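Asks: Pasting a structure below so you can have a look.
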2 protein chains.
Amino acid sequence: MRHGGDVISYAEHYNGEIIDFSSNINPLGAPKTLKKKLFSDFNNVLKYPDIKYRELKEEISEYLGCTACEVIVGNGAVEIIDNICRMFKRVIVAAPCFSEYLERAEVNKIQLIITRRREDFEIDFPSISKVIKEGDLLILGNPNNPTGKRIGREVLEDIYDLVNKRNAFLLIDEAFFEFCPDDYDSIKLFYGKNNVCIIRAATKFFALPGIRLGYAYTSSEVVKNYDNYCLPWSVNSFAERAGREIFKEEEYIRESKEYISRQRNYLLNSLRNINYLKVFDSDCNFILLKLINFEEEELFNFLLKRGILIRRASSFQGLDESYVRIAVKDNKSNKKLIKLLKEFEKWKL
Amino acid sequence: MRHGGDVISYAEHYNGEIIDFSSNINPLGAPKTLKKKLFSDFNNVLKYPDIKYRELKEEISEYLGCTACEVIVGNGAVEIIDNICRMFKRVIVAAPCFSEYLERAEVNKIQLIITRRREDFEIDFPSISKVIKEGDLLILGNPNNPTGKRIGREVLEDIYDLVNKRNAFLLIDEAFFEFCPDDYDSIKLFYGKNNVCIIRAATKFFALPGIRLGYAYTSSEVVKNYDNYCLPWSVNSFAERAGREIFKEEEYIRESKEYISRQRNYLLNSLRNINYLKVFDSDCNFILLKLINFEEEELFNFLLKRGILIRRASSFQGLDESYVRIAVKDNKSNKKLIKLLKEFEKWKL
């Protein structure tokens, strides 16, 4: 099981609608105005999208604070990761991390170096410094999936300096960017640099996983090179149309950020009161938990039978069967989860 | 210019709506009932599509006459071509052919062997036989783009036997299958074989280029291997929903086949009466033309100024500046094209 969100595979285990805590989608749902805008012009969503995505890139560049020629778009963030991988001979990751970093390196037959994070899952600078060399691609999640923490600004700057000194390339995956506190914006931090790419996505924050729209900031030189690798029209017309609307939704964006922040705090505080859990701090809309004295499968099955799907995290390189990941969802669902997690403790006794 | 259909890049050259003869889409448009079905459930197109595409594969398998576990789906035919390429060490093509066969081999850093077709653009069996060896991937368009002819059934069987004898793999790209006469069905021909994959697509025949839905028949063993290479959720929910509807449209399918056949005959006959054109026979919805005594650029510009976009074919490996490709469109547009092609002759004198 490489990914969460596969509710269909578990439907038979519960007689009712399963609440999906295994995929990390904004619980407020997509912007309310989107339906009307998307469904206003049927013929347009059937035409070839602009092969150069001119208008879409214009909208994204305004949102990101760069120019349109510095924007990449893709079929989800994962297509951009895949294509960037193809441009390099070696990929370095810091495990545990999003499984697709490893998958895409392997599929593309690129040498993969897996460094380990520290015990608290922070980046271990020395272990990256020991291996990184000219021509390497370093991929880091920020915040990191499944561990949930953003890289501190100074650490990220140090990593960039290292990458730069070694003539390597830094790919920062910020698919969960908008869920995080506004402490810094890596695009502003590294604007104008030639060896960095920062990926974001509509999937999670704008609650559009069915749309498949990822995008990235990088230098116009890298964009030109990227265009040699990517598939034509990989963002379909429906996704292109959605992408031209969502970034204007300022109120929705503010509301979502506030809602997630409140719900994350509620969950973190409640989870920390449960004895059998070690709770890892989170900056975003998912939380990694370590189970003390039992295994993910037991909790997974207990919750599934009661209508909740969580993510077993042992499929992440570097984590064992004692880890699970949960999403930050709407208040009612979060309360149900906390209630069931407490019941599990009694049930186990 | 790797692809047709980029009307936006030429909009400034004509004061009105440009008729696009450069991309090969069913002129009857998408099935009429599709809008209602696609727009009936907004929330569904925002959810993650089923990561295993169970229902979609079921629908496709019924349409193709195979089982669901023998079906691949992709973000257009080109994503499937890309992923199949990654599974092999050497790619063999027969030029001129669809440019993405060459592109995808190069992007994936796979050795590419370009054999040449005969002067009439039929497959040159000996030149393929000379190079093909164990582990190779042979990619053939059927009908071939941009030349327009289907491979004769016996030739295709001979090619398969050769591929089989050499322990290679045959990828048949049939993105234009439904436009062709019903002489044979390669899926029936090669059903159950373990070293063949037959790609088809919703893009052209169902007039859904904005949707991006390609699919293929291959053995369940190859499907399992393919799943290791492909990106998750690459067919978005909107495309998934469309794909679950279109194959039931039997009347639309029959009408479209008849319409295209009539319009193709009209165009072929009319074009053959124009002196400066050598017309290549076509089985599908596009026609390759060789210009006698002048170059594509001249005709391209003449037509563009008069509101018609055609495909200059010199970007296809093995064709020079004397070739253009036109689509078979609706009767009114086809008549306009023929009229302008005749005017061009007078204008040139």
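The values are calculated or read from the model by the stated rules, or taken from the named source; none is laboratory data. Predicted, not measured: the structure shown is a model, and the values here were computed from it. Cβ placement follows ideal geometry from the backbone for every residue including glycine, while neighbour counts extend to all protein chains displayed. What goes into the accessible areas is simple: the full protein's heavy atoms, side chains included, and nothing from ligands, DNA or RNA. Shrake-Rupley method; radii C 1.70, N 1.55, O 1.52, S 1.80 Å.
Asks: Suppose we compare each residue of the range A:99-120 in its chain alone and in the full protein complex with a 1.4 Å probe; which ones drop by at least 40 Å² of accessible area?
Replies: Buried on complex formation: A:R104, A:V107, A:K109.
Asks: I would also like to ask the following. Work out the length of the dipole vector of the protein assembly as shown about its Cα centre, built from +1 on the beta-carbon of each Lys and Arg and -1 on the beta-carbon of each Asp and Glu, and round it to the nearest 20 debye.
Replies: Values: 106 positive and 104 negative charges, 105 e Å.
Roughly 500 debye, rounded to the nearest 20.
Asks: Need one number: convex hull volume per residue for the range B:143-192, Cα atoms only, in Å³.
Replies: Working: hull volume 4.4 nm³, N = 50.
It is 87 Å³ per residue.
Asks: Looking at chain A as a GNM with Cα springs under 10 Å, which of A:N334, A:N44, A:N24 has the largest mean-square fluctuation?
Replies: Highest fluctuation of the listed residues: A:N44.
Asks: Another question, if that's okay. Compare each residue of the range A:61-80 in its chain alone against the assembly with all protein chains, and report those whose accessible area goes down by 30 Å² or more; 1.4 Å probe, heavy atoms.
Replies: Correct list: A:N75, A:V78.
Asks: List the residues of the range A:207-238 for which accessible area in the full set of protein chains is at least 30 Å² lower than for the chain on its own; 1.4 Å probe, protein heavy atoms only.
Replies: The answer is A:P209, A:G210, A:R212, A:N228, A:Y229, A:L231, A:P232, A:W233, A:N236, A:F238.
Asks: Carbon and sulfur atoms: what percent of the 1.4 Å accessible area of the protein assembly as shown do they account for?
Replies: Values: 12840 of 27810 Å².
Roughly 46 percent, rounded to a whole number.
Asks: If you take all C-alpha pairs in the range B:85-166, what percent of them are over 22 Å apart? Working shown, then result.
Replies: Working: 633 of 3321 pairs.
The calculated P(r) of the range B:85-166 puts 19 percent of pairs beyond 22 Å.
Asks: Pulled fully out, how much extra length does the chain show between B:K224 and B:K130, if you take 0.36 nm times their separation in residues and subtract their Cα-Cα distance?
Replies: Gain on stretching B:K224 to B:K130: 30.7 nm.
Asks: Solvent-accessible area of B:T33, probe 1.4 Å, all protein chains present, reported in Å² to the nearest ten, please.
Replies: The value for B:T33 is about 60 Å².
Asks: Taking a point 7 angstrom from the Cα of B:N167 along the C-beta vector, which residues in the range B:122-154 have backbone N less than 15 Å away?
Replies: The answer is B:132-137, whose backbone nitrogens lie closer than 15 Å to the label point.
Asks: Also: Note the buried accessible area between B and A here, summed over both chains, with a 1.4 Å probe, in Å² to the nearest 100.
Replies: Values: alone 16100 and 16100 Å², together 27810 Å².
Chains B and A together bury approximately 4400 Å².
Asks: Go ahead and estimate [θ] at 222 nm for chain A from helices alone: -39,500 (n - 2.57) per DSSP H run with n ≥ 4, summed, over the residue count, rounded to 500. Don't skip to the answer; put the middle values down first.
Replies: Details: 13 runs with 133 residues, N = 349.
Taken over chain A, the calculation gives -11500 deg cm²/dmol.
Asks: Still on this structure, I have one more. Over chain B, what relative contact order in percent results from Cα pairs under 8 Å that are six or more residues apart? Provide the component values of the computation, followed by the final result.
Replies: Numbers: 647 pairs, mean separation 87.2, N = 349.
Across chain B, relative contact order equals 25 percent.
Asks: Normalised by the residues of the range A:184-274, what does the relative contact order come to in percent, with Cα pairs under 8 Å and at least six apart? Write down the numbers at each step before the final one.
Replies: Numbers: 53 pairs, mean separation 19.7, N = 91.
About 22 percent, as a whole number.
Asks: Straight-line reach only, C-alpha to C-alpha below 15 angstrom: list the aspartates and glutamates that B:K32 could link to, leaving out same-chain residues fewer than 8 apart.
Replies: A:D41, B:E245, B:E249, B:E250, B:E251, B:E255
Asks: With 18 Å as the limit, write out which pairs from B:K305/B:K336; B:K204/B:K339; A:K130/A:K290; A:K36/B:K35; A:K57/A:K224; A:K47/B:K204 have Cα-Cα distances beyond it, or answer none.
Replies: On the way: B:K305/B:K336 13 Å; B:K204/B:K339 26 Å; A:K130/A:K290 29 Å; A:K36/B:K35 14 Å; A:K57/A:K224 14 Å; A:K47/B:K204 11 Å.
Table pairs above 18 Å Cα-Cα are B:K204/B:K339; A:K130/A:K290.
Asks: Once phi is turned into θ = phi - 60°, what whole-Hz ³J(HN,Hα) does the Karplus curve with 6.51, -1.76 and 1.60 give for every residue of the range A:58-74, x standing for Gly and Pro?
Replies: Each residue of the range A:58-74 in turn: 4, 4, 5, 4, 5, 5, 7, x, 9, 9, 4, 6, 9, 10, 10, 10, x Hz.
Asks: OK, next. Let me know the charge dipole size of the range B:127-273 about its Cα centre in debye, to the nearest 20, where only the beta-carbon of Lys, Arg (+1) and Asp, Glu (-1) is charged.
Replies: Details: 21 positive and 21 negative charges, 73 e Å.
Dipole of the range B:127-273, to the nearest 20 debye: 360 debye.
Asks: Here's a follow-up. Give me Rg/Rg_expected for the protein assembly as shown, where Rg uses Cα atoms only and Rg_expected = 2.2 N^0.38 Å with N residues. Can you show the working numbers first?
Replies: Working: Rg = 26.6 Å, N = 698, 2.2 N^0.38 = 26.5 Å.
Ratio of Rg to 2.2 N^0.38 Å for the protein assembly as shown: 1.01.
Asks: Additional query: Taking the solvent-accessible surface of protein heavy atoms with a 1.4 Å probe, what is the per residue accessible area of the protein assembly as shown in Å²? Show your work: numbers first, answer last.
Replies: Numbers: 27810 Å² over 698 residues.
Here the residues of the protein assembly as shown average 40 Å² of exposed surface.
Asks: Specify the inter-centroid distance of the range A:113-182 and the range B:174-236, based on alpha-carbon positions, in whole Å.
Replies: Cα centroid to Cα centroid, the span is 39 Å.
Asks: Within the range A:1-31, name every residue whose backbone N is under 15 Å away from a label modeled 7 Å from Cα of A:E255 along the Cβ vector.
Replies: A:26-31
Asks: Here's another thing I want to ask about it. Please find, in a Gaussian network model of chain B (springs between Cα atoms separated by less than 10 Å), the residue of B:V131, B:V328, B:V235 whose mean-square fluctuation is greatest.
Replies: B:V131
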